[in-house]
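Each remark here refers to the structure printed beneath this line.
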Amino acid sequence: MAKPTFYITTPIYYPNDKLHIGHSYTTVAADAMARYKRLRGYDVMYLTGTDEHGQKIQLRAAEAGKPVMQFLDEIIEWIKDLWDKLDISYDDFIRTTEPRHTKVVEEIFERLIDQGDIYLSDYEGWYCTPCESFWAERELVEGKCPDCGREVQYVSEESYFFRMSKYVDRLLQFYEEHPDFIQPESRKNEMINNFIKPGLKDLCVSRTSFDWGIPVRRDPKHVVYVWLDALTNYITAIGYGSDDPKMRAKFEKYWPADVHFVGKEIVRFHVIYWPIILMALGLPLPKKVYGHGFLLMKDGKMSKSKGNVIDPKLLIDRYGSDAIRYFLLREIPFGQDGVFTPEALVERLNFDLANDFGNLVHRTAAMLHRFVGGRVPLPGARTDAEEELAELAGQTLRDLEQHMDEMQFSVALADIWRLIRAANKYIDDMAPWALHKRGDEERLRTVMYTVAETIRLVSVWVQPFIPRAGLQVLEQYGIAPEFRTWESTRTFGAPIGQSPVEQRPPLFPRLDVDEELEALAGLTRGRDGAPASRATDAEAAGHGAKQEGQRVESTATPTGVQTKETIGIDVFDQVELRVGQIRAADRVPNADKLLRLEVDLGAETRQIVSGIAKHFQPEELIGKKVVVVVNLKPVKLRGVASNGMILAASTEEQLQLVTVPDFMPNGAVVK
């Protein structure tokens, strides 16, 4: 029986310069999806590549004093090396300068002219060279490009145009019949209201003011303009228009694409122009276009002109590919904007990778050697504790698959880490060292097997995200190939007893926070050349649990005496309150009053530091539905990142969390 297919693409990147960490985000997300589908048994086609024509490329090569192809080849070599360092498992890399692409684009252009979809006219209007976009007067923002904010030039030249207006009704009908086509759904309303309803203009698809492009066969003074050239890479790479029967069969096998991953700034080209081009060619449309958000710096979007970009290779060299992949996928809810901060990176690596996953693997291997001869033991009878962990593992798999199919990578990782933390807690509760000391060997074997089995499941599930670590752990624990498959994780209790386990250095050594923040400050420079700023402990006032030694309190005493000035509803409305559910809790090292909480807010899970450790044990907080202030500025408390505040009421003697009934959904607005 043939495997089901899954075709996923990234945008093809514009190689006028080296790529930054924001570009890596898209490619890592697509790679995680491709690896996940392969583990699920799909025949995956994962495509990435480069868009190599246009005026910007020609100008940059001239500035560098190099022939255009030499300039491009050097940058493409750098990009491919980056993808190799990030363990990107693409199946094909398409360059739009390759004959397999250029020949087909020429033929498509001729066909569209012949069938009346492309016509010759004159263009007069505003043009942004960096964005390679034409704009009407009404679309400019303060006379500048609405996308990048740069100056535009008024141009007038003969051009070929695509009759976009001919297909508008069909496109809107397609949107109605395929409500999941544009993701997140909010982007669909933006496309309709901002670009289609005001009147969709015919698209300029050729230029005569430069010659670095694919020539129009019947009119060589024109070159094919960016979007008709670039967008068709998704079909030329898999054999559309090829003379080779094998390539044509490949196209029939994989098209239509299951999903195009793109940045939100190019969503309109992929959900308006690209579907219309395909309609004109009589081809099926892709099943989904997912427009993710930006990876921002504290001073806004990454930009070479601002000087606030980060070279991903420097991060990989310092922390390893798994660490960077994990941070990108865990820190940023897919579809939303996210902010890169050095504090957030170091805390994710220290707490999630070193303290949670790395510590679970390392301490378990050490105890297996100390207590049971360095092998996974054969288990005895399960108790309720083992049944609960097995039940949680089953629920984790169900949640993980749902969230991966929805492409919610950060939530999927939170699912896995819920089990990792439960396994660490299970070790603490079962205390294998005490079992060994009193000679309860059968119980000891059961406990150690249960932890090793949990590690097996987790190590399979993390492979789409951190492939090196997942494989290393499976090898370290001597897990046979048949128990490294996704399907094998549907059962808790695989016969892995007697597998030899190696003792190795920790997967993710704990980092010195101050040392790493200093190093990271040197990797990113702002507009003025100064290191990027970072939050300090002093900024913590009013955040999370406030600073250590301050309580999270109401603004009135128990007698109702008002202690602050009266405010209006407009001020209160600035505070965003939502329902959150505490999924994990542990103590902050060297801070008696602080707990670190993982709080599920529905669309995302946040880490919040709260000064409630003297009133609650971490385990009694798990599952509580609390009220969270979600729009506080992130800060660092005792070296731990905190992104929100838990509400509580207090007196001199006691403190109680503000809670809501269990039936209220996570993320619900409190007002």
Cα gyration tensor shape for the range 164-294, rounded if a/c is under 1.5, else prolate or oblate
oblate
Please compute the length gained on full extension between D592 and Y154, using 0.36 nm multiplied by the number of residues separating them and subtracting their Cα-Cα distance.
151.2 nm
Calculated from backbone phi, Karplus (6.51, -1.76, 1.60) coupling profile of the range 89-95 in Hz, x at Gly/Pro
9, 5, 8, 8, 10, 9, 10
Which far-off residues, 5 or more places away or on another chain, put their amide H under 5 Å from the one on Y7, with H placed in the peptide plane?
M45, D258, V259
With unit charges on the beta carbon (Lys/Arg positive, Asp/Glu negative), name the residue among Q617, S121, Y240 whose Cα is farthest towards the positive pole of the charge dipole of the chain.
Q617
Expressed as a whole number of Å, what is the distance separating the alpha-carbon centroids of the range 54-82 and the range 180-231?
23 Å
Mean projection area, nm², convex hull over Cα of the chain
34.2 nm²
Label Q656 and K201 with points 7 Å out from Cα along Cα→Cβ: what is the distance between them in nm?
6.2 nm
Given 502-515, 105-118, the highest-first ranking by average Cβ count within 10 Å works out to 105-118, 502-515
List the residues, sorted by chain then number, that are 5 or more residues from H222 or on another chain and whose placed amide H is less than 5 Å from its amide H.
V216
Over the range 340-490, calculate the relative contact order: mean separation of alpha carbon pairs under 8 Å at least 6 apart, over the residue count, as a percent.
27 percent
Within the chain, which whole H helices from DSSP have a Cα span along their axis of at least 20 Å and a mean Kyte-Doolittle hydropathy of -1.0 or more, if any?
21-39, 68-85, 99-114, 384-405, 409-430, 441-461
In the range 85-103, which residues have a backbone nitrogen under 16 Å from the label point lying 7 Å from K253's Cα in the Cα-to-Cβ direction?
91-93
Counted neighbours (other Cβ, 10 Å), sorted fewest up, put L172, L295 in the order L172, L295
Gain on full stretching of the segment that runs from K221 to N631 - 0.36 nm per residue minus C-alpha separation:
142.1 nm
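If the limit is 24 Å between Cα atoms, which of K144/K264; K188/K313; K144/K633; K288/K625; K56/K144; K37/K253 go over it?
K188/K313; K144/K633; K288/K625, as the Cα separations exceed 24 Å there.
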By the Cα gyration tensor axes a ≥ b ≥ c (a/c under 1.5 gives rounded; else a/b larger than b/c gives prolate, otherwise oblate), the shape of the range 330-378 is prolate
If we count other beta carbons within 10 Å of each Cβ, what is the order of M367, M1, M33, fewest first?
M1, M367, M33
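For a footprinting-style exposure proxy, rank S24, S242 by other Cβ within 10 Å, fewest first.
S242, S24
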Relative contact order, percent, of the range 283-408 when contacts are C-alpha pairs under 8 Å separated by at least 6 residues?
24 percent
Over the chain, what relative contact order in percent results from Cα pairs under 8 Å that are six or more residues apart?
11 percent
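Compute the length gained on full extension between T383 and S89: take 0.36 nm times their separation in residues and subtract their Cα-Cα distance, giving the result in nm to one decimal.
101.7 nm
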Count the DSSP beta bridges whose two residues both fall in the chain, then state the antiparallel fraction as a percent rounded to the nearest 5.
75 percent
Along its three principal axes, how long is the range 340-490 when you only count alpha carbons? Whole Å, largest extent first please.
49, 34, 28
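The numbers here are math on the coordinates, done by the rules we state, and not lab data. Note that the structure is a prediction, hence the values are computed from the model and not measured. Glycine also receives a Cβ, built like all others from the backbone with ideal geometry; neighbour counts cover every protein chain displayed.
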